[in-house]
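Engineer: Supplied in structure tokens, the structure appears directly below.
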Amino acid sequence: MRLVRVDPRDRAAVTASVDLQNAAQRIDDPDNHPGIPELAAGWLEFGWDLEPDERYLYLAEGSDEPVAVFEVQLPNRDNRHLVWGSIVVHPDHRRLGHGSALVGELVRRAEESGRTTIWLGCAEDDLGARAFLEAHGFHYASHDARRKQILAEVDHEAIERLHAQATEAAADYVLERLVPPVPDEVLEQLVEVTAAINDAPMGDLTFEDEVFDLARLRDIEAARKGRGDRLYRIAARHRETGVIGGHTVVGLHPLDPTHAGQGDTAVHRDHRGHRLGLLLKIEMMRWLAEAEPQIAEIVTWNNADNRYMIDVNEAIGYRLSRVFAMYERTLGS
């Protein structure tokens, strides 16, 4: 097997990997936004929290032509039992055994690193991919939904009515707009509300709560800075106690300024029942309309069973794009 690791500073290798992924995406997931090499290089160098995934080009035998892209994520801060993989085979080179070979490599990596659980995903309606994963010992464990908010199609009168209702329900809170660098004393206050994302459903995946502390939040900010993102965060602070009870985050990159990505929206369990999730997201829409009026589309992801957040998103104009399945394999079972 000829695997060549993609160095984020190697423009040719990064571009080759993105070109291959885009070729597959045009067939497998045409509603998705095409990858951009410069953005991919940033993720390969900095990751989400300074622990980037490993990406490899899988080369055809006797050739320097890549036929697949292989990615491996081995968490180190938590969930050290897990290997999260991605296998994308070029449409012109499918059904030749390359996918099976890369599943074998993923299993080898898991065994070599002492990990016991492997995740691979695919579109939920892709019956061929699901049959492939099941044939290799994986079982269906969860599903996530991608939704898009097309800002030109938003019903702003409905949004204003929802904003008034949420403002009344959240009268005990004040909203604060935050942009990096966020002071350490504020990041400290965001640790617990960031960890509230652990309350979101995960289906039947074998997964431990993610661990957040000041150091990790600093690293997340450093990674965003390294990637060159523009980041917007709104926090909801309880007026009486001064405690931050919820937050929402949206980011975008200047090389792709019309597309933004919704990060976490989380409300600590002690502060739920005040429509904070809805208020935070509408306030974010208002802020972005001022600061980034060129944004045309925002993409968000939720577990497909997270009814509360899905209801909030659909109320403010997000519409379903596609549902993706996550498959799990336990080594030794």
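The values are calculated or read from the model by the stated rules, or taken from the named source; none is laboratory data. The structure presented is a predicted model; accordingly, all values stated were derived computationally and were not measured. Note that we place each Cβ from the backbone using ideal geometry, even for glycine, and neighbour counts take in every protein chain shown.
Engineer: From Arg177, Arg216, which residue is of a type in the set (Lys, Arg) and surrounded by 18 or more Cβ atoms within 10 Å (Cβ to Cβ)? Let's see the steps before the verdict.
Structural biologist: On the way: Arg177 fails: surrounded by 18 or more Cβ atoms within 10 Å (Cβ to Cβ).
Residue meeting the stated conditions: Arg216.
Engineer: Condition first: assigned to a helix (DSSP H, G or I), β-branched (Val, Ile, Thr) and within 25 Å of Glu240 (Cα to Cα). Now tell me which residues in the stretch 146-191 satisfy that.
Structural biologist: The answer is Thr167, Val186, Val191.
Engineer: Name every residue in the stretch 43-82 that is touching a residue at least 40 places away in the same chain (Cβ under 8 Å), within 20 Å of Glu328 (Cβ to Cβ) and in contact with a Ser or Thr (Cβ under 9 Å, 6 or more places away or on another chain), in order of residue number.
Structural biologist: Those that are touching a residue at least 40 places away in the same chain (Cβ under 8 Å), within 20 Å of Glu328 (Cβ to Cβ) and in contact with a Ser or Thr (Cβ under 9 Å, 6 or more places away or on another chain): Phe70, Leu74, Asn79, His81, Leu82.
Engineer: On the basis of being assigned to a strand (DSSP E or B), under 19 Å from the mean Cα position of the chain (by Cα) and at pLDDT 95 or above, does Arg233 make the cut? If you could, list the steps in order and put the result at the bottom.
Structural biologist: Details: assigned to a strand (DSSP E or B): yes; under 19 Å from the mean Cα position of the chain (by Cα): yes; at pLDDT 95 or above: yes.
Yes; evaluated as a whole, the condition is true for this residue.
Engineer: Moving on. If you check Ala68 against the conditions, is it surrounded by 20 or more Cβ atoms within 10 Å (Cβ to Cβ) and either outside the structural domain of Gly277 (by TED's automatic domain parsing) or of a type in the set (D, E, K, R) (or both)? Even if it seems obvious, please write down each step before you answer.
Structural biologist: Values: surrounded by 20 or more Cβ atoms within 10 Å (Cβ to Cβ): yes; either outside the structural domain of Gly277 (by TED's automatic domain parsing) or of a type in the set (D, E, K, R) (or both): yes.
When the stated conditions are applied, Ala68 passes them.
Engineer: Based on what the data block shows, is Arg239 in contact with an Asp or Glu (Cβ under 9 Å, 6 or more places away or on another chain), surrounded by 15 or more Cβ atoms within 10 Å (Cβ to Cβ), outside the structural domain of Ala41 (by TED's automatic domain parsing) and in contact (Cβ under 8 Å) with a residue 12 or more places away in the chain? Steps first, please.
Structural biologist: Details: in contact with an Asp or Glu (Cβ under 9 Å, 6 or more places away or on another chain): yes; surrounded by 15 or more Cβ atoms within 10 Å (Cβ to Cβ): no; outside the structural domain of Ala41 (by TED's automatic domain parsing): yes; in contact (Cβ under 8 Å) with a residue 12 or more places away in the chain: yes.
No, not satisfied.
Engineer: Note down all Cβ pairs under 8 Å where the first residue falls in the stretch 267-288 and is in contact (Cβ under 8 Å) with a residue 24 or more places away in the chain and more than 20 Å from Asp199 (Cβ to Cβ), the second is assigned to a loop (DSSP other than H, G, I, E, B) and not aromatic (Phe, Trp, Tyr), and they're at least six residues apart or on different chains.
Structural biologist: Ile282/Ile316; Met285/Val154; Met285/Ile316; Leu288/Ile295
Engineer: Residue under question is Ser63, and the condition is that it be closer than 25 Å to Leu133 by Cβ, of a type in the set (S, T, N, Q) and either touching a Phe, Trp or Tyr at 6+ places or on another chain (Cβ under 8 Å) or not in a strand (DSSP E or B) (or both); does it hold?
Structural biologist: Judged against the criteria, Ser63 is not a match.
Engineer: Restricting attention to the stretch 93-126, which residues are without any contact (Cβ under 8 Å) to a residue 24 or more places away in the chain and under 18 Å from Asp29 (Cβ atoms)?
Structural biologist: Arg94
Engineer: Which members of the stretch 11-59 meet the condition of being closer than 20 Å to Gly97 by Cα and of a type in the set (S, T, N, Q)? Even if it seems obvious, please write down each step before you answer.
Structural biologist: Narrowing the stretch 11-59 to residues closer than 20 Å to Gly97 by Cα: 17, 20-21, 23-25, 27-28, 55-59.
Hits for the stretch 11-59 are Ser17, Gln21, Gln25.
Engineer: Let me ask something additional. Only one of His136, His143 is touching a residue at least 12 places away in the same chain (Cβ under 8 Å) and farther than 25 Å from Gly261 by Cα; which? Explain how you work it out, then say what you get.
Structural biologist: Working: His143 fails: farther than 25 Å from Gly261 by Cα.
Exactly one of His136, His143 is touching a residue at least 12 places away in the same chain (Cβ under 8 Å) and farther than 25 Å from Gly261 by Cα, namely His136.
Engineer: Count, please, the residues in the stretch 291-303 that happen to be buried (at least 19 other Cβ atoms within 10 Å of the Cβ) and more than 14 Å from Val250 (Cβ to Cβ).
Structural biologist: Residues of the stretch 291-303 buried (at least 19 other Cβ atoms within 10 Å of the Cβ): 298, 300, 302.
So of that shortlist, the ones also more than 14 Å from Val250 (Cβ to Cβ) come out as 302.
So the count comes out to 1.
Engineer: A further question follows. Any residue at all in the stretch 21-31 that is in contact with a strand residue (DSSP E or B) (Cβ under 7 Å, 6 or more places away or on another chain), in a helix (DSSP H, G or I), of a type in the set (Gly, Ala, Ser) and in contact (Cβ under 8 Å) with a residue 40 or more places away in the chain?
Structural biologist: yes
Engineer: For the stretch 108-142, enumerate the residues that are in contact with a strand residue (DSSP E or B) (Cβ under 7 Å, 6 or more places away or on another chain), part of a helix (DSSP H, G or I) and surrounded by fewer than 18 Cβ atoms within 10 Å (Cβ to Cβ).
Structural biologist: Arg109, Arg130
Engineer: Given the structure, is Leu39 surrounded by fewer than 20 Cβ atoms within 10 Å (Cβ to Cβ), within 27 Å of Ala223 (Cβ to Cβ) and in contact (Cβ under 8 Å) with a residue 60 or more places away in the chain?
Structural biologist: On the way: surrounded by fewer than 20 Cβ atoms within 10 Å (Cβ to Cβ): yes; within 27 Å of Ala223 (Cβ to Cβ): yes; in contact (Cβ under 8 Å) with a residue 60 or more places away in the chain: yes.
Judged against the criteria, Leu39 is a match.
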